[in-house]
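Student: Have a look at this one.
No value in this document is a laboratory result; all are computed from the given coordinates. Since the structure is predicted, the reported quantities are computational estimates derived from the model, not experimental observations. All Cβ positions, glycine included, derive from the backbone under ideal geometry; neighbour counts span all protein chains shown.
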Amino acid sequence: MLTGDPNDEDVSLFDAEEDAGKKSKSNIKHPVASFFHLFFRVSAVLVYLLCGVYSGGFIACMVTIILLLSCDFWTVKNITGRLMVGLRWWNQVDDDGRSHWVFESKGSGKQQASNSEARIFWIGLIVCPVLWVVFVFSTLLSFNIKWLPVVIMGLVLQGANLYGYVKCKVGGKTNLKNMASNYFSRQFLKQALSKEEES
C-alpha cells in the first residue's frame, strides 16, 4: 500500500533512460514512458476509427479497444504520471473499511519534470478524452448503439485519469467546483473594477 511518507523515494523504472536523457540534448528524460503514454491512447482511437473499415468482426475490435484502454489506464495512472509530471493518485482503504482518494504531487525538493514531457503528458491526457466525447455523440447521433458501451468505456477510463491528475495538479484538498467558481468570481471582479477605472 502506498503512503504519503515524504521519506519514501520513488525508484524510476527506467534508470538507464534517465542517465541517457541527461547526456543527450533532448529534453525528454523518459522516452519509453513518453512513448507508451501516447501509444495505448492513440492505438485505441485508431482501432476504433479503422475497425469498421478494415474488419467486420465487432467482438475482436471491441476486445482490442478495451484491452488498449485498460493498458492505457494502468500505464498512465501508475507509471507515466509519476515519471513525466511527478503526480500520482490512488484509492486507499483505512482500517474502518472507508475508502479515501489520495492525490499526491512531487514536492519542489525533488527533480522537476521537463517541459517537453509535461507538454506531452497533458496534451495526451486532455485530447483523448475529448475525442471519446465526440465518439459518444457521434455514436448516439448515428444510432450505432452496439458501439456505445465501447465509447463510454473509453470516456470513463480516460476521463478518470484526467480527473485524477487535475485533482493532483490543483491540490487534492481543493474542490474543483469551488476553484472554478472562485476563478470566475475573480474575473468578474476584475472586469467590474476595470470598468469603474475607465469612468
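Student: Add +1 for every Lys or Arg and -1 for every Asp or Glu among the other residues with Cβ under 13 Å from the Cβ of residue 126, and state the total.
Tutor: Summing Lys/Arg as +1 and Asp/Glu as -1 gives +3.
Student: Hey, another quick one. Among the listed pairs 29/190; 146/167; 29/169; 29/167, which are separated by more than 29 Å between their Cα atoms?
Tutor: Distance filter (> 29 Å) returns 29/190; 146/167.
Student: Now for a separate question. Between residue 123 and residue 160, what is the label-to-label distance in nm when each label sits 7 Å out along the Cα-to-Cβ direction?
Tutor: Reported label-point gap for residue 123 and residue 160 is 2.7 nm.
Student: Could you sort 78-88, 161-171 so that the peptide with the highest average Cβ count within 10 Å comes first and the rest follow in order?
Tutor: 78-88, 161-171
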